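Written below as structure tokens is the structure these notes are about.
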Amino acid sequence: MSDKNSSNAMWGGRFASGPDAIMEAINESISFDQRMAAQDIAGSIAHSAMLAKQGIITDNDAAAIKEGLLTVLSEIENGSFEYSKALEDIHMNVEARLKVIVGEPAGRLHTGRSRNDQVATDFKLWVRDQMDAAILGIDALIRALVDQADAGADMVMPGFTHLQVAQPVTWGHHMMAYVEMLARDKSRFQDARTRMNESPLGAAALAGTGFPIDRDATAAALGFDRPAANSLDAVADRDFALEFLSCSSICATHMSRLAEELVIWSSAQFRFVTLSDRFSTGSSIMPQKKNPDAAELIRAKVGRITGSMVGLLTVMKGLPLTYSKDMQEDKEQVFDAADSLMLALAAMAGMVADMTPNTAELEAAAATGFSTATDLADWLVRELGMPFRDAHHVTGALVAMAEQKGCDLPDLSLADMQSVNGAITDTVFGVLGVHNSVASRVSYGGTAPAQVRTQVARWKEILA
């Protein structure tokens, strides 16, 4: 076997042309960074317009560049653009096609910039668009939850700690808990978007440029608040991508918690909710099955999204300033996380909007597990002036009695209760029902239907 054939065998069958093919495969990014085509072209149009305004290139060249770039964008959008791996990335692919279309002016486009600040700008623009999309997706899910809360403000269900029945709550209150979580997610995206909104364009390779460029003009043209203040940091920074992944991971974690509840609640053992056929699947062998696949897949998405965050943190952790090729590994992880997040948000919003809470099962479950024991203890404190720790002891004794009799607290007779504490009166039964229990929780943020409706009204105003 010749040395060449031996080398090819070592590289493996996929790379028939040997090490050159390996290098092209590991070096190219066009297979994934083509997703930033629109952002790349927007950045180039802004850059060329600024160059002309500053007298660095002619107005005619700038006009030709803009027209050519819009032609390239049209080709990309209609699917006729041919990408080349040999040209490595979206930036070189666009520039090469521009040269074919407009000729010499295309060579003037790259004046005063580098691929380093170009890719940082494109990626920031792309991530910023994804942050805006995530905010809209969160709003849609919040609307679905608020609608569920509005419809179920009076509906009683068990509240859990340790997945054990703790106290009765309302369905509306439970839905609004997720609204608050998602509101924090939305604020994180908004906060991160504000912080990231500085333009790297004009930082060039790492040190700025000697051309009399106007970085404020390009920043404004691209919707940035200002140019990034340090050229080294501008090309080395990927905090914006990490923050997007962090915000996405927390949001996905919240959705995963809700998805887990929907998986449990829709089971035959709980029957708290019925999920629509649109977000369920059947079994290939068991005809009775209705599987909550959408919820399960949403529950799993957090693994991919958080994995992407850990992956990019690991890529960035040891990089000296400024740009290193390692940073090419930033995009696929962010792209995948963004896709996963948006799909999960859309699926969860649809599933929440379509699901039906099963009122009878929820109320029956709310009354189990001595869920009104705390109400009884509170009554002893409020009506009899008993210290809470003493009331806790009396209530515990009554729970033990009910457990021995095989009944719940409201089923005990007054005589039973007075055998533990003779001061108890029949007015105690007014707090032992689950509806009485939730109605009494009128503190701000409590589960009382009136409180739920107040929060629903507040959120409807926010969303409007």
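Points worth noting:
Condition check ((1) in a helix (DSSP H, G or I); (2) touching a strand residue (DSSP E or B) at 6+ places or on another chain (Cβ under 9 Å); (3) among the hydroxyl-bearing types (S, T, Y)) across all residues:
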| site | (1), (2), (3) |
| --- | --- |
| D132 | yes, no, no |
| R143 | yes, no, no |
| Q148 | yes, yes, no |
| A153 | no, yes, no |
| K186 | yes, no, no |
| R193 | yes, no, no |
| G202 | no, yes, no |
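- Residue within region 62-74 that is closer than 25 Å to E332 by Cβ and under 32 Å from the mean Cα position of the chain (by Cα) present: yes
- Number of residues in region 444-464 that are open to solvent by 40 Å² or more (accessible area, probe 1.4 Å), closer than 19 Å to S187 by Cα, in a helix (DSSP H, G or I) and not charged (D, E, K, R) equals 1.
- In region 92-120, the residues that are over 16 Å from A38 (Cα atoms) and in contact (Cβ under 8 Å) with a residue 60 or more places away in the chain form Cβ pairs under 7 Å with partners that are in a loop (DSSP other than H, G, I, E, B) and among the aromatic types (F, W, Y), at six or more places apart or across chains, as follows: T111/F211; G112/F211; N116/Y323.
- Just so you know, in region 2-42 the residues that are over 26 Å from the mean Cα position of the chain (by Cα) and among the basic types (K, R) include one that is modelled with the lowest pLDDT, and it is K4.
- Only a single criterion out of (1) among the small types (G, A, S); (2) at pLDDT 95 or above; (3) under 30 Å from R271 (Cβ atoms) is not satisfied by A337, namely (3).
- Every residue from region 209-247 that is free of Cβ contacts under 8 Å to residues at least 24 places away in the same chain and either in contact with a Pro (Cβ under 8 Å, 6 or more places away or on another chain) or open to solvent by less than 30 Å² (accessible area, probe 1.4 Å) (or both): R215, D216, A219
- Within region 408-443, the set of residues being of a type in the set (S, T, N, Q) and open to solvent by 30 Å² or more (accessible area, probe 1.4 Å) comprises S413, Q418, S419, N421, T425, T427, N436, S440, S443.
- Just one residue in the set L362, L341, L345 is touching a Gly at 6+ places or on another chain (Cβ under 6 Å), open to solvent by less than 10 Å² (accessible area, probe 1.4 Å), part of a helix (DSSP H, G or I) and under 30 Å from A295 (Cα atoms); that residue is L345.
- Where Q404 falls short, out of the listed (1) within 25 Å of G172 (Cα to Cα); (2) without any contact (Cβ under 8 Å) to a residue 12 or more places away in the chain: (1)
- From T447, T374, T368, residue being in contact with a strand residue (DSSP E or B) (Cβ under 6 Å, 6 or more places away or on another chain), at pLDDT 90 or above and of a type in the set (S, T, N, Q): T447
- Restricting attention to region 32-61 and to residues that are open to solvent by 50 Å² or more (accessible area, probe 1.4 Å) and outside any helix (DSSP H, G or I), the residue that is nearest to N93 (Cα to Cα) turns out to be T58.
- Enumeration of residues in region 175-193 that are touching a residue at least 12 places away in the same chain (Cβ under 8 Å) and either of a type outside the set (D, E, K, R) or open to solvent by less than 20 Å² (accessible area, probe 1.4 Å) (or both): M175, M176, Y178, V179, M181, L182, A183, D185, F189, Q190, A192
- Residues satisfying the stated conditions in region 148-174, i.e. of a type outside the set (G, A, S), under 19 Å from S440 (Cα atoms) and buried (at least 22 other Cβ atoms within 10 Å of the Cβ): M155, V156, M157, P158, P168, V169, T170, W171, H173, H174
- Residue count for region 95-120, restricted to those that are open to solvent by less than 40 Å² (accessible area, probe 1.4 Å) and in contact with an Asp or Glu (Cβ under 6 Å, 6 or more places away or on another chain): 1
- The residues of region 75-94 that are open to solvent by 60 Å² or more (accessible area, probe 1.4 Å), modelled with pLDDT of 95 or more and not in a loop (DSSP other than H, G, I, E, B), listed by number, are E77, N78.
- Residue count, region 250-292 (criterion: modelled with pLDDT of 90 or more, of a type outside the set (A, V, I, L, M) and under 24 Å from the mean Cα position of the chain (by Cα)): 9
- Qualifying residue in region 341-363 (condition: closer than 30 Å to A234 by Cα and either over 16 Å from the mean Cα position of the chain (by Cα) or at pLDDT 95 or above (or both)): yes
- Number of the exception - D191 against (1) under 30 Å from M50 (Cβ atoms); (2) in contact with a Lys or Arg (Cβ under 8 Å, 6 or more places away or on another chain): (2)
- Taking residues in region 377-388 that are of a type in the set (F, W, Y), and partners anywhere that are open to solvent by less than 70 Å² (accessible area, probe 1.4 Å), the pairs with Cβ atoms closer than 6 Å and at least 6 places apart or on different chains are W379/V428; W379/V431; F388/V381.
- Tally of residues being part of a helix (DSSP H, G or I) and crowded, with 17+ Cβ neighbours inside 10 Å across region 316-332: 6
The values are calculated or read from the model by the stated rules, or taken from the named source; none is laboratory data. If you're wondering where the values come from, they're calculated on a predicted model, not measured in any experiment. All Cβ positions, even for glycine, are placed from backbone atoms using ideal geometry, and neighbour counts span all protein chains on display. Surface areas here come from the heavy atoms of the whole protein model, side chains and all, with no ligands, DNA or RNA. Shrake-Rupley method; radii C 1.70, N 1.55, O 1.52, S 1.80 Å.
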